[in-house]
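Notes follow the structure.
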Amino acid sequence: MSKLSFVFAASMLTLPLLGCTEPGSGQTGPLTVSKNVKLTATGMRTPAVSVTPVKLTFPDSRSYSAVPYSFQPDSCSLISSHFTAEVPIPSQVNLPAYGPNTPPLRVLCESENFTFDKSFKRVNLTQQAIATASVAHVLIGYGLIGAAVTASAGSQRDTSQDTYGYPLKIELQ
């Protein structure tokens, strides 16, 4: 196979990747930190690199009204060395992210018969997006070749440009 044929074949295999986007893209404008997020002194000194939209909900996106009242927390406290927030449940909150230096996040929700207290480490959202795209390529018919091309392109990216933040969905269990 000539070099030109190889380049053409490789470029045809990467066409499905043209629709892949970075996390948080597809928004009508840049995300801003939610108003109920209060920066600590450390958070004010350290500039946020990005904003992560985090959805807080019960498992399987159950209707909040289906949860017995004694298990319903009115709100949850989000605690980090860089910020704090008090958010209703269910809700979505936009949290500041500090790149690879994003600090752990503690989520504390309490009611009469329910306590959820869990810490979450930073997540590489770019790596998650690549993994999701790879699985999607298998599922929508590009097969293993599409997944391999996605994985190959993902492995050759500039990791210094990766987006870090918090899990996009936190289920209270």
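Bear in mind these aren't lab numbers, they're just calculated from the coordinates by the rules spelled out. Since we're looking at a predicted model, the values are computed, not measured. Cβ sites come from the backbone with ideal geometry, for glycine too, and all protein chains shown count toward neighbours.
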Under 27 Å Cα-Cα from Lys169, which lysines qualify once same-chain neighbours fewer than 8 residues away are excluded?
-> Lys35, Lys38, Lys55, Lys118, Lys121
Of the listed peptides 42-48, 86-92, what is their order by residue-averaged count of other C-beta atoms within 10 Å, with the highest listed first?
-> 86-92, 42-48
